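Below: one structure, written as structure tokens.
The values are calculated or read from the model by the stated rules, or taken from the named source; none is laboratory data. Source: prediction; values computed, not measured. Note that we place each Cβ from the backbone using ideal geometry, even for glycine, and neighbour counts take in every protein chain shown. Heavy atoms of the whole protein, side chains included, go into the accessibility calculation; ligands, DNA and RNA do not. Shrake-Rupley method; radii C 1.70, N 1.55, O 1.52, S 1.80 Å.
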There are 2 protein chains.
Amino acid sequence: MRSLLANVRITVDEKVYLKDPESTTKGQQIIENSILLIDELGLESFTFKKLAEKIGTTEATIYRYFESKHMLLVYLISWYWNWLEYRLVFSTSNIASAEEKLRIAIRLLSGKVENDMDFAHISEVVLQRIVVAESAKAYLTKEVDADNKEGFFFSYKRLCKRISMFIQEINPAYKYPDSLVSTVAESAHYQIFFSKHLPSLTNIDDSKKGQLEDFLTDLVFKAIVK
Amino acid sequence: MRSLLANVRITVDEKVYLKDPESTTKGQQIIENSILLIDELGLESFTFKKLAEKIGTTEATIYRYFESKHMLLVYLISWYWNWLEYRLVFSTSNIASAEEKLRIAIRLLSGKVENDMDFAHISEVVLQRIVVAESAKAYLTKEVDADNKEGFFFSYKRLCKRISMFIQEINPAYKYPDSLVSTVAESAHYQIFFSKHLPSLTNIDDSKKGQLEDFLTDLVFKAIVK
DNA sequence: TGGAACACAATAGTAATACTATTGTTAAAA
DNA sequence: TTTTAACAATAGTATTACTATTGTGTTCCA
């Protein structure tokens, strides 16, 4: 059995693309290979020209799917957050305890990927590396307000709100549920990045995934305790 | 009285520049105006050509001080962390309590700037905005390992270690002092950014500075409690 | 079965970017 | 006085991030 999710498709809001890349094989190739190429080259050195060469087409074709490199990044990141939200809803569906749901959310944010939740042309593990290293660049721009108005960050915001609600259920008096969730989400990313590249900034060992989850779980539950 | 610090100069490691910008008036103009222009245009739209026009010189002159736009960013950020470390050492100099020193560190990381600690040609408040919006771009690159080897992130790492030691003094058993410090440092940045641009991701009100300090102080002291 | 519509390859071109290299002038240091 | 330094001025390169146009094969559907 290849996947639990043969009939599930993660979708991304229409506004993000010019033409739905899920609707054609060329489009799927663009997604699949852009993930591999951004991971390999980094966002700065990644160009539509190089991507076009890799999939045997031309820049013009890619531009018919995505307005710009920036919008392709927004697409990949939105897909990632929608995927994470899907897994969160799935794995908390029959759980009553808000504490337990929050625990699961932190586990997912820390980067735990189950192999039976994969999609045909998306390398989730590689995509996660891209999200760690590049997602901040999607909003750290002068266009952030305009982009936000267009709803480009909606996937991320919705996921954070969902997790924030677990916290509010556990302790309605806690003053900073949204800040705590975004801190954990972002922290998860750069603690992974630091453990790989700037290890003196972290106590998390690159090879031991459980440590990050432990650090964040400890942080959150101590913070929100009544 | 213009400044407490007429005889103090914040220096940046030699490796970061080709020619010390503090050594000439042109160099100081480059620093002063690059801060203003990066803040105005954002790092992506900022170019040496535009900076050269602003200070009535040419690209070539700026290239004699800095190898690239990236190195200029590294310079500004290193200067910022050195400045923050100086203020930390200054304001904790005659304080014995590690708790109180940690409190002060968090206050500084949250962005509190005293007006009597300014330097002639550096707009500290504007520089802080740059650090919030652009500093992650200094290390989120494919060159991070090479840059780290060159010592480009030493200022940041040294400051974090210093604060981490306060935590280790308070609770030597706490497992994640370095991760906690880097989480607070980074969190301070994007909570400020979120409060301005993506307010649904935070409970911090852009206009109320004390909230961020309160959020982070609460987070840290609950985390490290024995 | 014919015709429209679509997907895309191929080609060309543009303004801007991130640099590098060279030369000549002026002013200050040895 | 000579040398050096600082820098303005100019020119030039490869690459990037696009836009525009045209032609061809395939698919849809009436």
Of A:K19, A:K15, the only residue that is more than 14 Å from every other protein chain (Cβ to nearest Cβ), within 14 Å of DNA strand C (Cβ to nearest atom), basic (K, R) and open to solvent by 50 Å² or more (accessible area, probe 1.4 Å) is A:K19
Go over the candidates A:Y63, A:Y75 one by one and state the one that is within 16 Å of DNA strand C (Cβ to nearest atom), more than 18 Å from the chain's Cα centre (by Cα) and not hydrophobic (A, V, I, L, M, F, W, C).
-> A:Y63
Pick out the one residue from A:D178, A:D218 that is under 23 Å from B:D218 (Cβ atoms) and either crowded, with 20+ Cβ neighbours inside 10 Å or in contact with a His (Cβ under 7 Å, 6 or more places away or on another chain) (or both).
-> A:D178
Reported set for region B:195-212 where residues are farther than 17 Å from A:Y174 by Cβ and either open to solvent by 50 Å² or more (accessible area, probe 1.4 Å) or more than 7 Å from every other protein chain (Cβ to nearest Cβ) (or both) is B:S195, B:K196, B:P199, B:D206, B:S207, B:K208, B:K209, B:G210
If you go through region A:139-154 one residue at a time, do you hit one that is β-branched (V, I, T), without any contact (Cβ under 8 Å) to a residue 24 or more places away in the chain and in contact with a helix residue (DSSP H, G or I) (Cβ under 7 Å, 6 or more places away or on another chain)?
-> yes
Which one is nearest to DNA strand D (Cβ to nearest atom) among residues in region B:25-47 that are open to solvent by 40 Å² or more (accessible area, probe 1.4 Å) and either in contact (Cβ under 8 Å) with a residue 12 or more places away in the chain or closer than 23 Å to B:S155 by Cβ (or both)?
-> B:K26
Within region A:48-77, how many residues are free of Cβ contacts under 8 Å to residues at least 60 places away in the same chain, closer than 21 Å to A:A138 by Cβ, more than 10 Å from DNA strand D (Cβ to nearest atom) and not aromatic (F, W, Y)?
-> 1
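Among the listed residues A:I104, A:I55, A:I10, A:I35, identify the single one that is within 14 Å of DNA strand C (Cβ to nearest atom) and of a type outside the set (D, E). Steps first, please.
Working: A:I104 fails: within 14 Å of DNA strand C (Cβ to nearest atom); A:I10 fails: within 14 Å of DNA strand C (Cβ to nearest atom); A:I35 fails: within 14 Å of DNA strand C (Cβ to nearest atom).
The conditions single out A:I55.
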Some residue of region A:11-22 being within 11 Å of DNA strand D (Cβ to nearest atom) and farther than 23 Å from A:A188 by Cβ | yes
